[in-house]
Amino acid sequence: MRYSALQILRQGLTGNRGWKPVWREPEPKPHYDIVIVGGGGHGLATAYYLAARHGLTNVAVLEKGWLGSGNVGRNTTIVRSNYLLPGNEPFYELSMKLWEGLEQDLNYNAMVSQRGIINLYHSDGQRDAAARRGNAMILAGADAVLLDREAVRKKCPFLDFDNERFPIMGGLWQPRGGTVRHDAVAWGYARGADRQGVDLIQNCEVTGFDIRSGVCRGVETARGTIGADRVAVCVAGSSGRVMGYAGLRLPIESHVLQAFVSEGLKPAIPGVLTFGAGHFYISQSDKGGLVFGGDIDGYNSYAQRGNLPALEHVCEGGMALMPMIGRARVLRIWGGLVDMSMDGSPFIDRTPIDGLFFNGGWNYGGFKATPASGYCYAHLIATGAPHPVAAEMRLDRFERGAPIDERGAGAQPNLH
Ligand SMILES: Cc1cc2nc3c(=O)[nH]c(=O)nc-3n(C[C@H](O)[C@H](O)[C@H](O)COP(=O)(O)OP(=O)(O)OC[C@H]3O[C@@H](n4cnc5c(N)ncnc54)[C@H](O)[C@@H]3O)c2cc1C
């Protein structure tokens, strides 16, 4: 069923009884050409692009819970392509371009809202770094505008410009950045993949791999063994645990990241804002809630819930940036699991085990990467060669001394 204004009218006039389920609930087959482990944004996007771009439809996505139960439905919905390094920027700009055509591609309203993102700077050194980043973005075909203090004040008069410790001097603005409704992305890709014949299998946890003579031939699951010519893991925060079943250790730590939503307020925040001196970022949803977050919780964990010190720390960041936030009441808080890599950049690669592929290490920022991640992972699985914009996202880059260390923070996941 295609969605359109006419369809809404037709269904509205006939009591909304004709809507079809958005995807099927198939039983797993004994064997597939490709099995994708993890039904988050990246797994579903990979399945969609395998079918849509490479004509590969004998594919299953195995999800241990329900589709979208992971981080794709828990993030703060920010999309942007304001990266510096050549190993990252072209990839995230491809993602931005895919976001821009996504709703037409999927025939699904994902509420792509390009309201802009401003990264604030608070010192001369930060201004120079912002100018450099903006130039790198423009060279890679992205958009960037360096705003001075007055230009930021015009857009966001409510900020504390004269904060004693971190006065606001300006910001790097990416007008095409913004937000996208997170779970609509999962549902849209799921529907797109299902329509092309991909089996989406929920409540099907992968508990092991069938590896014989160094070749991966399938997966063990809560619903029995499923054979596959190629297995593509895509489990974000559970990467370490799942790849451990194959005997592989990753340069990744899992941490909890919390998100916060206030009661609904009248429109106040024009786009996305990030504090350049503390770790705090904020936007406002279409329903009016202030959506904000900050640092990861300070210990490794696979729990999807956070603790109070991180909450206090994030709220302190908010108060330093925009004291008016102290008047808003927080409505909801939740935690998700982020797969923090040692240089803050992701992996889309083969593994040393034939037929087993890995996608992970998305840190705080894998939501914005969803379209390009699926696109490039599908390219690698289908053709055997990395997509040019993801060519540096390799698992062996630390051994080769070629990390993609965007922030220059080294192997400190808490700083990325
Ligand atoms: C609070 C928070 C805020 C964030 N904000 C942003 C943001 O504003 N912008 C941004 O770009 N990024 C953001 N992120 C990061 C982003 O959400 C993630 O990087 C991204 O969603 C990860 O990819 P995914 O969608 O495929 O992950 P998930 O949705 O987590 O998908 C992985 C799936 O694998 C499944 N799985 C795990 N183990 C198994 C198994 N053994 N068998 C089968 N299935 C399994 C899980 O159930 C899950 O559904 C945020 C993350 C959090 C937690």
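The values are calculated or read from the model by the stated rules, or taken from the named source; none is laboratory data. Since this is a predicted model, take the numbers as computed values, not measurements. When we count neighbours, we look across all protein chains shown, and the Cβ atoms used for this are built from the backbone with ideal geometry, even at glycine.
Please report, ordered by residue number, the strands (runs of 3 or more DSSP E) entirely within the range 275-341 with at least 1 residues that are among the aromatic types (Phe, Trp, Tyr) and in contact with a Phe, Trp or Tyr (Cβ under 7 Å, 6 or more places away or on another chain).
Values: elements: 280-284, 289-300, 330-341.
Qualifying strands (runs of 3 or more DSSP E): 280-284, 289-300.
Regarding the range 83-93, can at least one residue be identified that is crowded, with 24+ Cβ neighbours inside 10 Å and within 16 Å of the ligand (Cβ to nearest atom)? Walk me through it before giving the result.
Looking only at the range 83-93, we keep the residues that are crowded, with 24+ Cβ neighbours inside 10 Å, and these are 88, 91.
Keeping just the survivors that are within 16 Å of the ligand (Cβ to nearest atom) gives 88, 91.
Looking for residues that are crowded, with 24+ Cβ neighbours inside 10 Å and within 16 Å of the ligand (Cβ to nearest atom), one finds at least one in the range 83-93, hence yes.
Consider residue 317 carefully, then state whether it is outside the structural domain of residue 189 (by TED's automatic domain parsing) and not acidic (Asp, Glu).
Working: outside the structural domain of residue 189 (by TED's automatic domain parsing): yes; not acidic (Asp, Glu): yes.
The answer is yes for residue 317.
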For the range 350-382 the number of residues that are acidic (Asp, Glu) and either over 20 Å from residue 240 (Cα atoms) or outside any strand (DSSP E or B) (or both) is 0
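I need a count of the residues in the range 407-416 that are surrounded by fewer than 16 Cβ atoms within 10 Å (Cβ to Cβ) and within 17 Å of residue 295 (Cβ to Cβ).
Residues flagged as surrounded by fewer than 16 Cβ atoms within 10 Å (Cβ to Cβ) and within 17 Å of residue 295 (Cβ to Cβ) within the range 407-416 amount to 5.
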Please indicate, with yes or no, whether at least one residue in the range 361-382 is touching a residue at least 12 places away in the same chain (Cβ under 8 Å), more than 14 Å from the ligand (Cβ to nearest atom) and surrounded by fewer than 20 Cβ atoms within 10 Å (Cβ to Cβ).
yes
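Could you list all residues from the range 295-348 that are of a type in the set (D, E, K, R), touching a residue at least 24 places away in the same chain (Cβ under 8 Å) and surrounded by fewer than 20 Cβ atoms within 10 Å (Cβ to Cβ)?
Keep residues of the range 295-348 that are of a type in the set (D, E, K, R), which gives 295, 297, 305, 312, 316, 327, 329, 332, 339, 343.
From the residues that got through so far, the ones that are touching a residue at least 24 places away in the same chain (Cβ under 8 Å) too are 295, 297, 305, 316, 329, 332, 339, 343.
Correct list: 295, 305, 316, 329, 332.
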Could you check, for the range 383-406, whether at least one of its residues is surrounded by 23 or more Cβ atoms within 10 Å (Cβ to Cβ), within 14 Å of the ligand (Cβ to nearest atom) and in a helix (DSSP H, G or I)?
no
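Among residues belonging to the range 5-25 that are out of contact with any helix residue (DSSP H, G or I) (no Cβ under 9 Å at 6 or more places or on another chain) and not in a helix (DSSP H, G or I), point out the one that is nearest to residue 63 (Cα to Cα).
Taking the range 5-25 and keeping what is out of contact with any helix residue (DSSP H, G or I) (no Cβ under 9 Å at 6 or more places or on another chain), we get 5-16, 20-21, 25.
Restricting the remaining residues to those that are not in a helix (DSSP H, G or I) gives 14-16, 20-21, 25.
Details: 14: 35, 15: 33, 16: 30, 20: 22, 21: 18, 25: 12 Å.
Ranking the candidates gives 25 first.
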Among (1) outside the structural domain of residue 68 (by TED's automatic domain parsing); (2) farther than 22 Å from residue 90 by Cβ; (3) of a type outside the set (Phe, Trp, Tyr); (4) touching a helix residue (DSSP H, G or I) at 6+ places or on another chain (Cβ under 7 Å), residue 146 falls short only on (2)
Given the conditions (1) more than 21 Å from the chain's Cα centre (by Cα); (2) among the aromatic types (Phe, Trp, Tyr); (3) over 22 Å from residue 226 (Cα atoms), every one holds for residue 91 apart from (1)
Is it the case that the range 13-33 has a residue that's surrounded by fewer than 22 Cβ atoms within 10 Å (Cβ to Cβ), closer than 30 Å to residue 171 by Cα, more than 15 Å from the ligand (Cβ to nearest atom) and not assigned by TED's automatic domain parsing to the domain that holds residue 380?
no
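With the condition being more than 27 Å from the chain's Cα centre (by Cα) and buried (at least 21 other Cβ atoms within 10 Å of the Cβ), I'd like the strands (runs of 3 or more DSSP E) fully within the range 113-223 carrying at least 2 qualifying residues. If you could, list the steps in order and put the result at the bottom.
Values: elements: 117-121, 145-148, 170-174, 199-201, 206-212, 215-221.
Output list is empty.
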